1. Loop only per DSSP, at most 15 neighbouring Cβ atoms within 10 Å: give me the GluC sites (Glu not before Pro) in region 40-93, ordered by residue number.
2. Could you please report the charge total around Ile83, scoring K, R as +1 and D, E as -1 over all other residues with beta-carbon less than 13 angstrom from its beta-carbon?
Amino acid sequence: MNKLIIRNILLSVLLILLLVLVFLFKSRSPFGKSQSSFAAEPKKEITRIEFLHEGEKLVLTKDGDNWIVNGKHEARKSGINFITRILTEIKIKSPVSPELFQA
């Protein structure tokens, strides 16, 4: 066989192997990025949300189709939709090292 043909066959095999590796590993994410178990499961309904800041508390409670703020006022649907969308779609960017938990 001609040296040119052998070289082309070897390059083709190498490229095919690289393509196979890319397809096998493209679904994997570095640093555990795809481990997003923190997000609320969409099949579960969120019925209460609490915010706490420097001793002040804000409680959103679902009452039928409406959300009530601190048991008194009705909340805007667009605001609630925004908050629930964030809670159900939140993803972990990367895991935290154990050393940071001890700080």
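What follows draws every value from the coordinates through simple rules; no lab data is involved. All values reported here derive from a predicted model rather than from experimental measurement. Glycine also receives a Cβ, built like all others from the backbone with ideal geometry; neighbour counts cover every protein chain displayed.
1. Details: sites: Glu45, Glu50, Glu54, Glu56, Glu74, Glu89; in loops: Glu45, Glu54.
Here the GluC sites (Glu not before Pro) that fit, given the DSSP loop and packing criteria, are Glu45, Glu54.
2. On the way: positive: Arg48, Lys62, Arg76, Lys77, Arg85; negative: Glu50, Glu89.
Surrounding charge for Ile83 is +3.
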